[in-house]
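So the structure is just underneath, and the comments pick up after that.
The values are calculated or read from the model by the stated rules, or taken from the named source; none is laboratory data. Source: prediction; values computed, not measured. Here the Cβ positions follow ideal geometry from the backbone for every residue, glycine too, while neighbour counts run over all protein chains shown.
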Amino acid sequence: MPLTKQPHDQYVTIMGKRWHLRYCQVIEPDCDRPDLPRKQIRIPMRLQRTPKKLMDYLIHEALHAADWNQAEYWTHHTAQDITNLLWAQGFRLSKE
Ligand SMILES: [Zn+2]
């Protein structure tokens, strides 16, 4: 059992559908559409080193997964607002 919990690949269920969240060598984060089989959310590995930016992108891609037809403007600003709220409340990566 590792002592430090780092951001890691996992399966995630959003609105009853399952994505494989993967950290990989992509330039920008992205999310496969909810009707695809074996869908993925891809997060650039470099974001593992910038926790607040990582939180923002994880929320952003989760919002896309939850509501695929939502406008990019809404998704972008809602993710930023939720990230700022959680960050101000003290949420951080931890060694749990
Ligand atoms: Zn987006």
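Can you pull out every residue in segment 29-53 that is in contact with a strand residue (DSSP E or B) (Cβ under 7 Å, 6 or more places away or on another chain) and closer than 22 Å to ARG92 by Cα?
If the condition is that a residue be in contact with a strand residue (DSSP E or B) (Cβ under 7 Å, 6 or more places away or on another chain) and closer than 22 Å to ARG92 by Cα, then PRO29, ILE41, ARG42, ILE43, MET45, GLN48 are the ones that fit.
Run down LEU85, LEU58 and say which single residue is away from the ligand (no atom under 14 Å from the Cβ), out of contact with any Gly (no Cβ under 6 Å at 6 or more places or on another chain), at pLDDT 95 or above and among the aliphatic types (A, V, I, L, M).
Exactly one residue qualifies, and that residue is LEU85.
Across segment 1-30, what is the total count of residues that are more than 16 Å from the ligand (Cβ to nearest atom) and not in a loop (DSSP other than H, G, I, E, B)?
Count: 10.
All but one of (1) in contact with a helix residue (DSSP H, G or I) (Cβ under 8 Å, 6 or more places away or on another chain); (2) closer than 17 Å to GLN10 by Cα; (3) at pLDDT 95 or above hold for ARG42, so report the exception by its number.
Unmet for ARG42, out of (1) in contact with a helix residue (DSSP H, G or I) (Cβ under 8 Å, 6 or more places away or on another chain); (2) closer than 17 Å to GLN10 by Cα; (3) at pLDDT 95 or above: (1).
Condition test on ARG33, is it loosely packed, with under 13 Cβ neighbours inside 10 Å, at negative phi and either outside any helix (DSSP H, G or I) or away from the ligand (no atom under 16 Å from the Cβ) (or both)?
yes
Within segment 64-80, take every residue that is assigned to a loop (DSSP other than H, G, I, E, B) and closer than 18 Å to LYS17 by Cβ and give me the one that is nearest to the ligand (Cβ to nearest atom).
Of everything passing the filter in segment 64-80, GLN70 is nearest to the ligand (Cβ to nearest atom).
Kindly indicate the residue of segment 56-96 that is of a type in the set (D, E, K, R) and surrounded by 18 or more Cβ atoms within 10 Å (Cβ to Cβ) and also nearest to GLN10 (Cα to Cα) among those meeting that condition.
Per the criteria, the residue is GLU61.
How do the pairs read when you match residues in segment 41-63 that are closer than 13 Å to HIS20 by Cα with residues anywhere that are in a helix (DSSP H, G or I) and of a type in the set (Asp, Glu), using Cβ under 8 Å and keeping only pairs 6 or more apart or on different chains?
The qualifying pairs are ILE41/GLU61; ILE43/GLU61.
Would you point out which residue out of LEU36, LEU86 is over 22 Å from HIS20 (Cα atoms) and either without any contact (Cβ under 8 Å) to a residue 60 or more places away in the chain or basic (Lys, Arg) (or both)?
LEU86
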